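One structure below.
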Amino acid sequence: MPQNKVETLAQTLKTCLRALKKLVNDPPYNYGFHMAIGKEARKYYHWHLEVYPKLAIWAGFEKSTGMYINTVTPETAAESLRETISQ
């Protein structure tokens, strides 16, 4: 990856994690890289990074199904993050 792309990714990640810290009171989080596993998939798949903040404690539903219940829509969460970044 060219150096300018690495620097852009680092700055974007820094900006987003700083906003997440401010917006939801510095939660612990994990992140994962998602990448194509074979050469054939590369033309159909792009790599991306996902950040998983821990915002709630798992209860019965989450523990029994392994699925989270989102209490905020993705659109609302994205808008809140955009507003926090622009401040």
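The values are calculated or read from the model by the stated rules, or taken from the named source; none is laboratory data. All figures in this text were calculated on a predicted structure; none of them were measured in a lab. In this analysis, Cβ positions are derived from the backbone assuming ideal geometry, glycine residues included, and neighbour counts consider all displayed protein chains.
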Out of curiosity, is Tyr44 modelled with pLDDT under 90 and surrounded by 11 or more Cβ atoms within 10 Å (Cβ to Cβ)? no
Restricting the stretch 1-46 to residues that are in a loop (DSSP other than H, G, I, E, B) and of a type in the set (Val, Ile, Thr), the one farthest from Gln87 (Cα to Cα) turns out to be Ile37
> Could we say that Glu7 is at pLDDT 90 or above and acidic (Asp, Glu) here?
Replying inline: yes
Here the qualifying pairs (Cβ atoms under 6 Å; residues six or more apart or on different chains; first in the stretch 19-44 and without any contact (Cβ under 8 Å) to a residue 24 or more places away in the chain; second loosely packed, with under 11 Cβ neighbours inside 10 Å and not in a strand (DSSP E or B)) come out as Met35/Trp47
